[in-house]
Ligand code: SF4
Ligand code: FES
């Protein structure tokens, strides 16, 4: 099989985070601070990534701002020639630190939004005063002139705030908003009944996004991750397994996607043990679901198999206990009807959730 180089790397610098969002995509078993890669190890990895062909580096977490060496990491990434994007809740950023990051060459900031007012945002994020601080950070980002994407994670409890989130993105001068209906991995899977949107909400969100896209053409780009339990076809997860992206966990484990560790039997390499190039091209985990040869029916003979690559392997694992199965959010999956019924049941569930734990 002809394998192209990856385009993007998501570096989970740490699992530490001041917030405790119930939909966090970090694994339920969080990595402790002592196990995190150090500055030199990350810098070496960034050079290897650039040599391999990676163009964009997403600095993520947890909350990447909790890394004291964040400015040095940005400098290292820029020296390697990577485009750098900081994915942050904003908590822990000061104007001074933002200016240092600007001087270090940070290219772009993606700011998460837990809600459009303090009541919602601080309850979902589990951090009192977080919304007010985030608004300060958004203002400094605008003043410094960083290109900004607002990342609104939406679920049953805050989907009614979608129109306001779009207005806020325009008001902040963001170039893009990512309207991300929560995906059920990690902590979100545990909190599915508190977060699952209703069918009506999912339909309404489709209409709001369509209207806003037309109205704001040329002003704001709207990326939209739909509520896939309510869809007919699955998302193309990671652009296709092992095709465009690499995730690196805080301890140096190299993963084909952020939830890959939930798939039993996969063996992952560490950057400490093997060159990144070898991991990408020859690593067994990256080759497990690459391309289309691994597919069972109905995917194997489906006309959409190179459009969505059978959907999400981790979702197939979580929902039907088999990572090789067709993603059950697909209408052709034998599990699709049962999943839709379960989605309706979850959407009628409690609003109480388990907050994400703190990483040690
Ligand atoms: Fe995609 Fe497989 Fe469904 Fe076809 S059958 S649409 S390839 S998930
Ligand atoms: Fe792992 Fe979708 S999150 S393949």
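Nothing in this text is a laboratory measurement; each read-out follows from the coordinates by a stated rule. All values reported here derive from a predicted model rather than from experimental measurement. Glycine also receives a Cβ, built like all others from the backbone with ideal geometry; neighbour counts cover every protein chain displayed.
What the table shows:
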quantity: Residue 33/residue 199 FRET efficiency (R0 30 Å; Cβ-Cβ; nearest 0.05); calculated: 0.10
quantity: Förster-model FRET efficiency, 45 Å R0, residue 4 and residue 351, C-beta, rounded to 0.05; calculated: 0.55
quantity: Pair residue 232, residue 331: separation of 7 Å Cα→Cβ label points (nm); calculated: 0.3 nm
quantity: Ordering of 132-141, 262-271 by burial proxy (mean other Cβ atoms within 10 Å per residue, highest first); calculated: 132-141, 262-271
quantity: Ellipticity estimate at 222 nm from DSSP helix runs (n ≥ 4, -39,500 (n - 2.57)) divided over the chain, nearest 500; calculated: -10000 deg cm²/dmol
quantity: Extended-chain gain in nm, criterion 0.36 nm per residue less alpha-carbon gap, residue 292 and residue 342; calculated: 15.1 nm
quantity: Dimensions in Å of the chain - Rg and Dmax from alpha carbons; calculated: 19.7, 56
quantity: Label-point separation, residue 68 to residue 206 (7 Å along Cα→Cβ), nm; calculated: 5.1 nm
quantity: Approximate spin-label separation residue 136-residue 117, in nm, with each point projected 7 Å along Cα-to-Cβ; calculated: 2.3 nm
quantity: Cα-based Kirkwood hydrodynamic radius, segment 72-120, one decimal, Å; calculated: 12.0 Å
